[in-house]
Amino acid sequence: METFRAGAPILIQPSHLYAVRSGAVKSVWNDAVHQSSIIDLCFPGQLFALESLIEFEPSHREFKASMSMTSVCSVACNIKGKSRASKELCGRVSAALATRLLPTYQLTHVIQSGSQVRVAYYMMKVMHADATCNSPGHRILPNIPRADIADYLRLRVETVSRVFSTFRKQGWIRGQVHRIDVVDPEAIKAVAGQLGEAGP
């Protein structure tokens with residue numbers, strides 16, 4: 001297991017299986033003109049960099065810690081060298097890879113929606129993956145930097161902060177920047193359900 005500070009790159013070795021143990025890992029795409037964008041966020045218990053299992057390493061993609069004290073576990077897993085008896089393992093890895101690819105494609109649809117829908121979508125994604133139960137019906141969101149949230153949703157940092165303020169005034173969340181308590185997940189889910197609709 002390795003622990004990384006926020007923003008630190010995570011070196012991916014071929015034929016290894018990687019999982020987030022704590023914190024968050026961001027998947028960053030660097031385009032041909034050296035502009036980078038976050039295309040996915042992974043949370044504790046989730047696998048990432050599954051491409052390494054088939055020894056396919058996109059030259060424009062890298063992984064970095066999004067939060068300080070992000071811990072990552074890895075284990076050597078040479079699928080190509082496995083016997084036919086490992087079909088179940090290959091099937092599970094293939095299913096996991098498909099699951100991890102989906103958010104990347106879904107993001108192209110998300111960023112066409114209004115800012116409130118985008119932020120609500122992000123919150124639902126995080127609550128589904130990593131949120132901690134504080135009390136019945138409440139969820140504490142992990143402390144992802146606003147800059148990373150804005151980058152992922154293709155919004156300005158100020159816009160993300162403004163949306164959180166709006167949700168706070170509605171009584172759906174409480175707390176400040178580093179500790180957001182979602183007190184009305186159903187309201188957030190309803191806003192996220194407007195995915196694809198134009199909005200502010």
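The values are calculated or read from the model by the stated rules, or taken from the named source; none is laboratory data. Everything numeric in this text was worked out from a predicted model, so none of it was measured. Cβ placement follows ideal geometry from the backbone for every residue including glycine, while neighbour counts extend to all protein chains displayed.
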Selected residue (criterion: modelled with the lowest pLDDT) from residues of the stretch 1-44 that are among the acidic types (Asp, Glu) and either in a strand (DSSP E or B) or assigned by TED's automatic domain parsing to the domain that holds residue 149 (or both): 40
Tally, over the stretch 144-180, of residues that are out of contact with any Asp or Glu (no Cβ under 8 Å at 6 or more places or on another chain), outside any helix (DSSP H, G or I) and crowded, with 18+ Cβ neighbours inside 10 Å: 4
Pairs with Cβ under 9 Å, 6+ apart, first in the stretch 120-131 and surrounded by 19 or more Cβ atoms within 10 Å (Cβ to Cβ), second among the aliphatic types (A, V, I, L, M) and at pLDDT below 80: 120/195; 121/195; 123/131
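Kindly indicate whether residue 49 is modelled with pLDDT under 70 and surrounded by 14 or more Cβ atoms within 10 Å (Cβ to Cβ). Explain how you work it out, then say what you get.
Working: modelled with pLDDT under 70: no; surrounded by 14 or more Cβ atoms within 10 Å (Cβ to Cβ): yes.
So residue 49 does not fit the description; no.
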Residue in the stretch 131-160 that is farthest from residue 63 (Cα to Cα), counting only those that are among the polar types (S, T, N, Q) and modelled with pLDDT under 95: 135
Residue, farthest from the chain's Cα centre (by Cα), within the stretch 19-51, restricted to residues that are closer than 17 Å to residue 155 by Cα and among the β-branched types (Val, Ile, Thr): 28
Every residue from the stretch 1-26 that is in contact with a helix residue (DSSP H, G or I) (Cβ under 9 Å, 6 or more places away or on another chain), within 14 Å of residue 61 (Cα to Cα) and in contact (Cβ under 8 Å) with a residue 60 or more places away in the chain: 13, 26
